[in-house]
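For reference, the structure discussed in these notes is given below.
The values are calculated or read from the model by the stated rules, or taken from the named source; none is laboratory data. Remember, it's a predicted structure, so these values are computed and weren't measured experimentally. Note that we place each Cβ from the backbone using ideal geometry, even for glycine, and neighbour counts take in every protein chain shown.
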Amino acid sequence: MTDLAYLGIAEAADLIRARKLSPVEYARALLDRIERLDPRYHAFIRLTPDLALEAARQAEGEIAAGNWRGPLHGIPFALKDIIDVAGLPTTAHSKVLIDNVAGKDAPVAARLKQAGGVLMGKLATHEFAIGGPSFDLPWPPAVNPWRESGFPGGSSSGSGVALAAGMVPAAIGTDTGGSVRNPASMCGITGMKPTYGLVSRRGVLPLSTSLDHVGPMTRSVRDNALLLQLIAGHDPEDPGSAEGEVPDYAADLDKGVRGLTIGLVRHFYTEDMQADPEQARAIEAAAEVLRGLGAEVREIHLAPLQDYATCTRIIIRCEAFAVHRRWLAERPGDYGELARQRILDGAAVSAADYIDALRLRARLTRRTLEAFRGIDAALTVSNMDPPCRIDDAAACARAYPRQARQPFNVTGQPAMAMPAGFTTDGLPLSLQLVGHPWQEAMIYRIGGAYEQTTRWIDRRPPGL
Amino acid sequence: MANDEERARDIAAAAGLSRLTDEHLAQLAKGVASIRELAAKLPKDLHWSEETAQVFRLPRPRK
């Protein structure tokens, strides 16, 4: 059972294709595990065992007949509950949308089903992907298995927890100001925010349309590349979707980093903010690992974190308020306190300030991309702090802005958070790799080399 | 603070948020203060020529 719980997509796919692992037995084993563990961790808002077993049986029959669809065929996955699946409610973890049954699949859900994936259910999120952790919602917040009452980050909190607890090998999250990478960092897993426009957002409840991204969350870098491969591609019905070829994201995974130049953005965690010393040391140690593997690591300078934060916060507040205005007018009491507070802020943003924030975004993007000239990718911090307790509201509020993820929502560049070690208390530490637009494969190449050398992914939460 | 509360009531009325309770309005008043601080951090030298990509654009017909 334990082996199945922490099996990766690539390993499971090999076993399933060789008919050494039954998709039905795999799904049953994980459903049993979820039923046993989820009362403690609350990763799932809705488990869909009947749908899962039906999809697993179909996969098993197709594979037995010689019709293997690819690496997700017969593999369990789960979706953050702001992503539409036909016939299931998309609640955004909110009373406001508790009866909001989706009419059709979001393209990202449809692509995973088409690939033969086995949908296990819908995952917890911070309410409307903005307010959390909250204890005044219809479902409790997800809890990080790495510590007693641990805060898992957010907003894709259930996605991070489900992976860390061995409930699924693949999950999808969304990232507007860091919401894939934050739970990835807190839960000791890997989360990619792809280039803006690479993955369709249609059928995904918007938070801030010009900053929203959909991204894959997995335990390993290789699995992340496999999952991105399945969801990337142009959607003519998503206005932000980009046209262009989708490369093979796993092609360079084993090429190593010798000869690459990696920019280290040190001022984010030593000057703009002071990271927890263990977290800062983990980034410096990662730079040494990459140097040891043959990369040149040299310091680069971007704009101060606070500039990106100002830009992001104004845009998110304003665009989120535009999404929520009607619901806030009709039923403001159905929101949790945190989400209502953060979204209501947007009513106070003037149109001129919003336009100025968009202009600032263009300026920051231009300057950031100029700073990336001459490097293959950048290394920096994701979270400034290891996970705190979820019931410590002051600590959660303090941790919320202490991050370096928003810059790459502003610029739209791909950015991945992955494990970078553990504190002396055994809590996950993380790093962030950032690439040129459309260069996810380079991030996977560097992340893959680092992962193979350090093997932080082999460690599991206590008791699991 | 009193001004922020008045401003919050004005904003709520203009936005059609007629069902906000006093507690919600107090939240909005905090938001007014926080957004004012945030907007003050925007650079003062931003110019209209730094246009964003989010302009209205008509698609060309596909061949």
Legend entry - Selected residue (criterion: farthest from the other protein chains (Cβ to nearest Cβ)) from residues of the stretch A:298-320 that are free of Cβ contacts under 8 Å to residues at least 60 places away in the same chain, of a type outside the set (Ser, Thr, Tyr) and more than 18 Å from A:PRO206 (Cα to Cα): A:GLU299
Legend entry - Every residue from the stretch A:223-272 that is over 17 Å from A:ILE172 (Cβ atoms) and of a type in the set (D, E, K, R): A:GLU237, A:GLU243, A:GLU245, A:ASP248, A:ASP252, A:ASP254, A:LYS255, A:ARG258, A:ARG266, A:GLU271, A:ASP272
Legend entry - Meets criteria (among the charged types (D, E, K, R), within 14 Å of chain B (Cβ to nearest Cβ) and either part of a helix (DSSP H, G or I) or in contact (Cβ under 8 Å) with a residue 40 or more places away in the chain (or both)) for A:ARG326: yes
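I'd like the residue in the stretch B:9-63 that is acidic (Asp, Glu) and more than 21 Å from A:ILE343 (Cβ to Cβ) and, out of all such residues, is modelled with the lowest pLDDT.
Kept after step one, since they are acidic (Asp, Glu), are these residues of the stretch B:9-63: B:10, B:22-23, B:37, B:45, B:50-51.
Pick out the ones that are also more than 21 Å from A:ILE343 (Cβ to Cβ) and you get B:45, B:50-51.
Numbers: B:ASP45: 93, B:GLU50: 79, B:GLU51: 68.
Step by step, filter the stretch B:9-63, then rank; the result is B:GLU51.
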Inset, instruction - Would you mind telling me which numbered condition in (1) under 14 Å from the mean Cα position of the chain (by Cα); (2) touching a residue at least 60 places away in the same chain (Cβ under 8 Å); (3) not in a strand (DSSP E or B) A:THR209 fails? - result: (1)
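Hey, can you tell me all the residues within the stretch A:305-329 that are touching a helix residue (DSSP H, G or I) at 6+ places or on another chain (Cβ under 9 Å) and more than 26 Å from A:ALA394 (Cβ to Cβ)? Walk me through how you get there before you give the answer.
Initially, the stretch A:305-329 is screened for residues touching a helix residue (DSSP H, G or I) at 6+ places or on another chain (Cβ under 9 Å), giving A:305-325, A:327-328.
Answer for the stretch A:305-329, where residues must be touching a helix residue (DSSP H, G or I) at 6+ places or on another chain (Cβ under 9 Å) and more than 26 Å from A:ALA394 (Cβ to Cβ): A:ASP307, A:CYS311, A:ILE315, A:CYS318, A:GLU319, A:PHE321, A:ALA322, A:VAL323, A:HIS324, A:ARG325, A:TRP327, A:LEU328.
Any residue at all in the stretch A:344-367 that's under 30 Å from B:LEU46 (Cβ atoms), away from every other protein chain (no Cβ under 14 Å), part of a loop (DSSP other than H, G, I, E, B) and not charged (D, E, K, R)?
First, pick out the residues of the stretch A:344-367 that are under 30 Å from B:LEU46 (Cβ atoms): A:344-367.
Adding the requirement that they be away from every other protein chain (no Cβ under 14 Å) leaves none.
Within the stretch A:344-367, not a single residue is under 30 Å from B:LEU46 (Cβ atoms), away from every other protein chain (no Cβ under 14 Å), part of a loop (DSSP other than H, G, I, E, B) and not charged (D, E, K, R).
Do we find a residue being modelled with pLDDT under 95 and out of contact with any Cys (no Cβ under 6 Å at 6 or more places or on another chain) anywhere in the stretch A:245-257?
Filtering the stretch A:245-257 for residues modelled with pLDDT under 95 gives A:245.
Keeping just the survivors that are out of contact with any Cys (no Cβ under 6 Å at 6 or more places or on another chain) gives A:245.
The answer is yes; a qualifying residue exists.
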Legend entry - Test: A:ALA86 is surrounded by fewer than 24 Cβ atoms within 10 Å (Cβ to Cβ) and in a loop (DSSP other than H, G, I, E, B): yes
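Looking at the stretch A:309-325, can you tell me whether even one residue there is surrounded by 18 or more Cβ atoms within 10 Å (Cβ to Cβ) and closer than 26 Å to A:PRO428 by Cα? Working first, answer last.
Quick first cut of the stretch A:309-325, residues surrounded by 18 or more Cβ atoms within 10 Å (Cβ to Cβ) only: A:309-321, A:324.
This time we only want the ones that are closer than 26 Å to A:PRO428 by Cα, so: A:309.
Within the stretch A:309-325 (the criterion being surrounded by 18 or more Cβ atoms within 10 Å (Cβ to Cβ) and closer than 26 Å to A:PRO428 by Cα), the answer is yes, since at least one residue qualifies.
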Inset, instruction - Filter the stretch B:31-50 down to residues that are under 11 Å from A:ASP345 (Cβ atoms) and within 7 Å of another protein chain (Cβ to nearest Cβ), then give me how many there are. - result: 5
